[in-house]
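Down below is the structure, laid out as structure tokens.
The values are calculated or read from the model by the stated rules, or taken from the named source; none is laboratory data. Quick caveat, the model's predicted, so the values are computed rather than measured. Ideal geometry is used to build each Cβ from the backbone, glycine not excepted, and the neighbour counts take in all protein chains shown.
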2 protein chains.
Amino acid sequence: MFKAIVTVKLRPSILDPEGKAIEHALQSLDFQQLSDVRVGKEIELTVDAADRDAAEQAVDDACRKLLANPVMEDYTIELQELTS
Amino acid sequence: MFKAIVTVKLRPSILDPEGKAIEHALQSLDFQQLSDVRVGKEIELTVDAADRDAAEQAVDDACRKLLANPVMEDYTIELQELTS
């Protein structure tokens, strides 16, 4: 069993309206020192797989089919083995 | 200058309907080995601060005031120094 942490971010060339909205809110709360806000998703899931390769393969497959939009987003996968 | 990565997650006791929806979608795509999906946010920002303590203080302040909902969410802050 593995725990997978998938981080999905908009590609740097894609505008991030949610990040811009947060940046404006920060400015109006007087956080002038905070800028360049980008918002991504972190998806945690449990993977029932025999080994690390099989787990990575399954999660990568799920990212391409469902979790990320490969045209606009990049993703990274981090795996931790769960001791049962 | 620092880059801050803020990870905001729903507390474990709070139901995550977005995670549940993803889990159902994964099941119907035949990813039976993936379960316990939880969705969080990863917010990247640039911090203009003299030192690490000041940067952490500013980001923590922003988390409490805007980025996270302390009743329902937990957050972690990771800082990386940017070489200019």
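Results, tabulated for the structure shown:
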{"quantity": "Residue check, A:ILE14 among the aliphatic types (A, V, I, L, M) and within 19 Å of B:GLU18 (Cβ to Cβ)", "calculated": "no"}
{"quantity": "All positions within the stretch A:16-50 that are hydrophobic (A, V, I, L, M, F, W, C), outside any strand (DSSP E or B) and either modelled with pLDDT under 95 or surrounded by 19 or more Cβ atoms within 10 Å (Cβ to Cβ) (or both)", "calculated": "A:ILE22, A:LEU26, A:PHE31, A:ALA49, A:ALA50"}
{"quantity": "Some residue of the stretch B:8-27 being in contact with a Phe, Trp or Tyr (Cβ under 9 Å, 6 or more places away or on another chain) and under 21 Å from A:GLN27 (Cα atoms)", "calculated": "yes"}
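Residue-wise test of (1) of a type in the set (S, T, N, Q); (2) more than 8 Å from every other protein chain (Cβ to nearest Cβ); (3) closer than 30 Å to B:GLU81 by Cα.
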residue	(1), (2), (3)
B:LYS20	no, yes, no
B:GLN27	yes, yes, no
B:ASP30	no, yes, no
B:GLN33	yes, no, no
B:VAL39	no, no, yes
B:GLU42	no, no, yes
B:ALA50	no, yes, yes
B:ASP53	no, yes, yes
B:GLN57	yes, yes, yes
